[in-house]
Structure formats: structure tokens, C-alpha cells
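Here's the structure, in C-alpha cells; my notes come after.
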Amino acid sequence: MNEKMPVLIVDDHVFILDLLSEVLAEGDFLTTTAQSGEEAREIFRQRPFPLVISDIHMGGISGLELLAGIKEMAPQAQVIIMSSDASAENFTRAIDLGASEFMAKPFEDISRVATIIKRVAEKARVKNPTPVP
Amino acid sequence: MRNLIRSRLLIIILLLIAMAVGAITYAVVHLIHTEKIGHLYHLTSAQATDVSNEVEELFKGYLGRLEVFSRIMASSYLSPEQKSELVSQLFDDDQEFVAVALFEGESEKAMFYDAASLEAAGLDKADLINHRRRHPFPDSFFASDDAYIENSTLHQGVPTLTLSIHHALGAGKPPLVSSATVRLGGLHRLAERSGTGGDIFIFDGNGRLLTHSDLDLKDPSLVKLPRVEKSQGMVQAMEYELGEKEMIGAVAYTRAYNFMVGVQSPKSTANLSFWELLKIWLVAALGGLVVVALVSLLWFRYITRPLQKLTEATRRIARGQFDVQVETGSRDEFSDLAAAVNQMAVRLDQREADLKQANTRIVQEEKLTAFGRIGSCIAHEVKNPLAGILGFAQLALRKAGSDSPLHKYLSIIEKETKRCQKIIEDLMKFARKEEAEFEATDINAVIEDAASISEKELGPSHVSLETELTAGLPRFMGNGQQIRQVLMDLTLNARQAMGDEAGTIRVSSRQLDSGQIEMRLRDSGPGMSQEVQDKIFEPFFTTRPSGEGTGLGLTIGSKIIQEHKGAIWVESEPGEGATFVITLPALVDDKMMAEEAHKSAV
């Protein structure tokens, strides 16, 4: 049994955080949530996460800016971007900035969401052999 | 008062006619005046001749009576009493006779006289005898057979002439002479009849004035007829001046007894008649002008009637009533103008219709744009809650297990939320300003693509899909994928409309005379009413049971066609199936290229 992987989930909608926490609770994840980009960046600065799931539009700094900051602080960290604005532009920018996946909201199938997160988590586990406690 | 064209024309015409009539009137009157002077010559001559003839007749009468007296006196059968009785009858018959006398040579044999007349003038028989003695008969009297006429006036009150004739009694015997002294009354009565207002004068053989038309003639110098060569029976007219006055006169000589008759008239008589004549003519001309004015007024009213019609028509056009057609009923400049006005009305009507149509289209487009903008805002806000609802429903479904009574409820929540999601996605698609790439595209390829995908997606069906494509069509500038999506949506719609009935969907392509490319998608379904046709492209309009489709498919399709500068509409009758028609602008001069491409593909 692997050690539980810490995941930082960022969204300004609390029920999305709850939903994803619920989904991740089924796997070996240790979930931390943040309701804004600023808050997430602060948390990440104190303790880098191998896996971050973030929304794009959140009032303050956007998920894409957060993504850029995380990749600067910890290039090996895996980031999944999700958005209700699934435009080609957002998709392209997210991938260019180093996002591992892009999930459009609403999610077509919550099981698929779990699958995607688990696949990226595998990648994160490989990139981060010794997770920070 | 308005200055109407017809009044102006009327005034011009009346002025011209007045000028013409004035000129003609003056010319005619002048001509007549000239003629009038000639006429005056003729008139005076004729009057002189007439009067001279009458004078001659008068004296012939006097001489006839003198002859009777002579015969009576010469008769040897009559007694002196009988002779006296007959002579007194002579006096009674002719009031002009003052006295008659019979002479043998110079000696008086008998004398009868009107004592009352002589006495009234203060004369008696002795005066008459004395006059004879003082004025013996000239020798020329006895040498000729003519009567001898002399002025024998003894008193101003009784102007007289004495007429004498003689009869030879035989050789050695003195001739028998009969004399009659007559008053000038008869002669004067002749002179008084001045018909033309001219004066008449009668002179004796010696040129002495016997009488004239104006008895009270104060100035004898007025009687100054020019002398002409004395000739019996002759008449001569002339013009001359009398004092300051221009005169026209004529003198006529009697054929016997040596009387001369003069007639004179001032030339102004003719002038006076000139003005009289001009006055009559001018009144007649004015009357004519009034008639011309009335006739012209009616005529101009007739001529300008089309103008009034045109004015009325343009007023109606100005009020926006374009169903105007003017009929002038003539073939002139007015009918040309009417035709132009009619054409203008038709064009305006057409233009207004076009404008209305364009306006409707713009309003529709703006409505859709606004709808898209609002929709997109709402969509963004709704998506996150939808993600939550859908996610939790799916989680709950997993946890509830298929035998749980909650499973059914949760499934409904999931299904309906997904429908919401689809609606939101369509809305976003519609609102998004997609910069689709346009390129020269072959419409037939797009149709074939759409047909094969539709068949694959929808699987085997009782509805057959047929294509009827015209080869060698020009290409259009656009996005093949978008057009294909529209065609696929239409196909899907048609299939759903046809329900479980077997039928055909036929897609055709061709080029219109206007150069546009036309696609027709015809189904054999139930068709649709006019109401449905009017609303079919509006957002969220659907005839399907609620829960199927989003009601945005055709809205998005129509937006795509609009972005291609094309048009889409539906033609249908209930029970007759429906035909969706799409027209797209063709690439100019692309037919050749298309044909080549078609050949190489074959």
C-alpha cells in the first residue's frame, strides 16, 4: 500500500471542492483545499504538492497564473486545470504552461474524472519519488 | 390667388389675340374709311344728279302748265269767261304759280295773277309789268325753241322765277309769248332734302344762287362751289377747302333749262363715320375676346387635367401610398411624366418592401446577438452549479446501488442535468464568436460527407437518404465543417419529424440563375404550418416533446449560414413534407476550376 498522496484542490465554488474531495477520498489521496488562487499559492509556497487541481476563473489570480507560479516553484509538480470556459484558447494556454490535463466543467462522468486524476497521480508519483511529508 | 399655369397661358393667348384683332380691326376700318371717302364722292355726285333730275322734272311740269295756259289763251272757241275760269283752275292746281301772262311781241295781251300773294309781299300787277319792261326778252330766246327762265324776284319775301315760252304765229306777225312766274318753294323743297347731311345748292343758268338747303344761310361765301366747265347733263365731284374745312362736293347740270345743282359735305363726315365704325368693331372684337377667353379657359382646364392627376398622385406617394398608377388618357408629355411617376411609385414600393425585409432581418440578427450575449453570461454562471449537481448525482448513484429506490430519482437528476449541460453548450456555441476558417469549398463534397456521417451515426433506418447533385458547380467561400454540421442537424430534424413512417430525405444541389449555389433538403414528412415556419429558426423553438433536443440547432444553423452571407428558409405545406433551402454565394469564375476538380476526381 502506497503512502497517501497529498493533493491541493483549488476552486472558488465550495461544492466543487467537496465533490472532488469526495471523489478523491475513494483513492489514496490526502486532500487540501483552497478557495482562491492567492490562498493556494501561499499553501504551495509553504509546502509543495506533487499534484494540484485548479479552476481557472476564481475572482483573484487565475488558475493559469497559479499554474505558472507552481511550475516556477516546483517544475515536477503535476497540475490538472479544469474550467467551465472550455475554449480552445484556455486549453492551449494551459497545456503550454505545463498542465498535465484539462477537464471541462460540468464533468461528463464523475468516474472519468477519478480515472484522469489517478492517471496524473501516477505520473506525479514517478516524478516525485520521495513525497514531502 | 394662386398663379395657375392655365391662367398664365390664357393671359398670353388673350394678349396675342387682342393684338391680332386690334391690328386687323384697324386695318379693316382704315380700308373701309378709304372706301368711305370714295363713297362720299359717289354719294355727293349721285345726290347732285338726283336733285338735278328732279329740278328738271319740276320745271318740265311748270312748262307743261304754261303750255296749257298758252293753248287756252290761243283758243278761238273759248269765251273770255271760260278762259278765265280755266286759268284760275291752273292757279288752284299749282300753288307755286304767282302769275301767268300772255304777250304778243313785247305788248301784254292778258295777265292773271295771285293777288293775295303779291299783296302779302307788298306788290301789285304794275310791278310785274314794270319788271317785264325793264327786262325785255333777249333775242336768243326767240332764236331758239327752248324755254327762257329768269330770276324775277321783286321782293325778298317772294323769290320767284319766270318761265317763258314762245310760239311763232306766222311770218310778219310778232310771236306769242307765255310767261309764268312761279315761287321758288318747289325748288327749295328739293334742296331741303339733304340726305347725307351735306348742303344742296341750286343755281340758275347765269350762275346766280336760287336756293339752298339752309334757308337761313347767313354767309353766302359758304356757297363757293368751284366753277367747272358748263356742260348739260354732266356731273363732277371734287375735293376743295372751304375756309379751314376740307370739303367733298359735286356739281350736276340739268339736261335742260340750265340749272346747276351743287352738293357739298365736309370730309369730316367720313372721318366721323370712321370712329363710329371703329367703335362698333372694337365692341365686336371685345365680345369675341370674351368668347375666346371662355373657350380657352375650358380648353386649358382640359389640357391641365392630367397635371392635377399627377399632383394628386405625387401627394399620395408623399403620404407613403405607393399603389398609385396615373392614367392621363393622352399620349403627350403628360403621359410620359405619368409613366415616369408610375415607375417611380413601383420602384418606391419595391424599395420599401426590400427595406422592410432588410429591417426585419437586422432586427432578427440583433435579437439573436443579444440573446447570445445574455445566454453566454448565464451559461458561465450556470456551468459550475451544474458540475456540482451532476457530479454529486453520479456519486450518489454509485453509492445508492441499482436496487435502491433513490436510483431512479438520481438517474432523472443526472439525465436532466446533462440536458441542461447540452443546452448550455449549444448556447455557448451560438454565442461564441468563432473565427472559423473560410476556404474555397465544394458543396457537393460537403453534402456527400454529411450524408455518409448521418447514415453512420443514425444507423440503419426506414428513412432513406438520397442525394441529387449537379456536377461542376462553382465552389463557395466558407467552412465545410460548419455547413456539414448544419446539414447533419437538418437531416436529424427531418428524420425525427418523420417519426416511424418510412420515407425519403432527398438532398439536392444546383446553381441558380442569380449565380448562387442552392441546396435543398426535402423530406417526405408531415410538413409544417405557416406558424411553425415563421418561428422555426427562433431559439428554443421546438415541436418535439420536451426533453428532446435543445431548441437551438436551427438557430445555430441559421447563424452559420448568415455568417456565410447566405440565406436559409423553409418551404412547406402541412401534409406535403418540408423543404429546407440554403443558398450560398458562389465564387465568381470558379465553374471551370470546379469542373476540372470534378474531372480529376473522377
Subset of the stretch A:51-80, residues polar (S, T, N, Q) and farther than 13 Å from residue A:99 by Cβ, comes to A:76
The helices (runs of 4 or more DSSP H) lying wholly within the stretch B:113-200 that contain at least 3 residues that are under 22 Å from residue B:96 (Cβ atoms) are B:115-120, B:125-134, B:185-192
Picking from B:345, B:358, B:338, the residue that is among the small types (Gly, Ala, Ser) and either within 14 Å of another protein chain (Cβ to nearest Cβ) or surrounded by fewer than 11 Cβ atoms within 10 Å (Cβ to Cβ) (or both) would be B:358
The one condition residue A:32 fails out of (1) under 22 Å from residue A:104 (Cβ atoms); (2) more than 13 Å from chain B (Cβ to nearest Cβ); (3) of a type in the set (Ser, Thr, Tyr) is (1)
Among strands (runs of 3 or more DSSP E) entirely inside the stretch B:502-602, those with 3 or more residues being at pLDDT below 85 and surrounded by 16 or more Cβ atoms within 10 Å (Cβ to Cβ) are none
Within the stretch A:59-113, of all residues that are over 23 Å from residue B:417 (Cβ atoms) and touching a residue at least 40 places away in the same chain (Cβ under 8 Å), the one farthest from the other protein chains (Cβ to nearest Cβ) is A:76
Note on the stretch A:10-40: residues part of a helix (DSSP H, G or I) and in contact (Cβ under 8 Å) with a residue 40 or more places away in the chain are A:16, A:19, A:20, A:23, A:24
Residues of the stretch B:320-349 being assigned to a helix (DSSP H, G or I) and of a type in the set (Ser, Thr, Tyr), in sequence order, are B:335
Within the stretch B:154-193, the residues that are under 22 Å from residue B:51 (Cα atoms), free of Cβ contacts under 8 Å to residues at least 40 places away in the same chain and buried (at least 16 other Cβ atoms within 10 Å of the Cβ) are B:162, B:184, B:188
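Within the stretch B:432-441, identify whether any single residue is more than 20 Å from residue B:553 (Cα to Cα), within 14 Å of chain A (Cβ to nearest Cβ) and either of a type in the set (S, T, N, Q) or surrounded by 15 or more Cβ atoms within 10 Å (Cβ to Cβ) (or both), and answer yes or no.
In the first step, residues of the stretch B:432-441 are kept if they are more than 20 Å from residue B:553 (Cα to Cα); the result is B:437-441.
If we keep only those that are within 14 Å of chain A (Cβ to nearest Cβ) too, we end up with B:437.
From what is left, the residues that are either of a type in the set (S, T, N, Q) or surrounded by 15 or more Cβ atoms within 10 Å (Cβ to Cβ) (or both) are none.
No, the stretch B:432-441 contains no residue that is more than 20 Å from residue B:553 (Cα to Cα), within 14 Å of chain A (Cβ to nearest Cβ) and either of a type in the set (S, T, N, Q) or surrounded by 15 or more Cβ atoms within 10 Å (Cβ to Cβ) (or both).
So that you can scan it fast, the table gives a plain yes or no per residue for (1) among the charged types (D, E, K, R); (2) outside any helix (DSSP H, G or I):
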residue	(1), (2)
B:398	yes, no
B:421	no, no
B:451	no, no
B:464	no, yes
When restricted to B:408, B:422, B:399, the only residue more than 26 Å from residue A:86 (Cα to Cα), within 12 Å of another protein chain (Cβ to nearest Cβ) and surrounded by fewer than 14 Cβ atoms within 10 Å (Cβ to Cβ) is B:399
Discussion item. Regarding the stretch A:35-43, can at least one residue be identified that is modelled with pLDDT under 90 and more than 11 Å from the chain's Cα centre (by Cα)?
Written reply: no
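Among the residues of the stretch A:102-111, is any touching a helix residue (DSSP H, G or I) at 6+ places or on another chain (Cβ under 6 Å), assigned to a helix (DSSP H, G or I) and surrounded by fewer than 19 Cβ atoms within 10 Å (Cβ to Cβ)? Walk me through how you get there before you give the answer.
Taking the stretch A:102-111 first, the residues touching a helix residue (DSSP H, G or I) at 6+ places or on another chain (Cβ under 6 Å) are A:102, A:105-107, A:110.
Remaining after also requiring assigned to a helix (DSSP H, G or I): A:110.
With the extra rule that they be surrounded by fewer than 19 Cβ atoms within 10 Å (Cβ to Cβ), the set shrinks to none.
The answer is no; no qualifying residue exists.
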_Test for residue B:60: is it within 30 Å of residue B:253 (Cβ to Cβ), of a type in the set (Lys, Arg) and exposed (fewer than 15 other Cβ atoms within 10 Å of the Cβ)_ = yes
Just one listed residue, out of B:431, B:393, is closer than 22 Å to residue B:539 by Cα, in contact with a helix residue (DSSP H, G or I) (Cβ under 6 Å, 6 or more places away or on another chain) and of a type in the set (Gly, Ala, Ser), and it is B:431
Being out of contact with any His (no Cβ under 9 Å at 6 or more places or on another chain) and more than 30 Å from residue B:237 (Cβ to Cβ): is that true of residue B:94 here? yes
- Inspect the stretch B:378-386 for any residue being in a helix (DSSP H, G or I), more than 10 Å from every other protein chain (Cβ to nearest Cβ) and among the acidic types (Asp, Glu) and give the result as yes or no. no
Of the residues in the stretch A:41-61, those that are outside any helix (DSSP H, G or I), touching a Gly at 6+ places or on another chain (Cβ under 7 Å) and under 23 Å from residue A:24 (Cα atoms) come to A:54, A:55, A:56, A:58
Of the residues in the stretch B:365-375, those that are surrounded by 12 or more Cβ atoms within 10 Å (Cβ to Cβ) and touching a residue at least 40 places away in the same chain (Cβ under 8 Å) come to B:365, B:368, B:371, B:372, B:375
Within the stretch A:53-86, of all residues that are over 19 Å from residue A:120 (Cα atoms) and polar (S, T, N, Q), the one surrounded by the fewest Cβ atoms within 10 Å (Cβ to Cβ) is A:62
Answer with yes or no whether residue B:389 is touching a Cys at 6+ places or on another chain (Cβ under 9 Å) and within 30 Å of residue A:11 (Cβ to Cβ).
-> yes
*residue B:352 being within 12 Å of another protein chain (Cβ to nearest Cβ) and either surrounded by 12 or more Cβ atoms within 10 Å (Cβ to Cβ) or assigned to a helix (DSSP H, G or I) (or both)*: no
Selection from the stretch B:271-300 of residues within 15 Å of residue B:6 (Cα to Cα) and loosely packed, with under 13 Cβ neighbours inside 10 Å yields B:294, B:295, B:298
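The values are calculated or read from the model by the stated rules, or taken from the named source; none is laboratory data. Note that this is a predicted model, so its numbers are computed, not measured. Cβ sites come from the backbone with ideal geometry, for glycine too, and all protein chains shown count toward neighbours.
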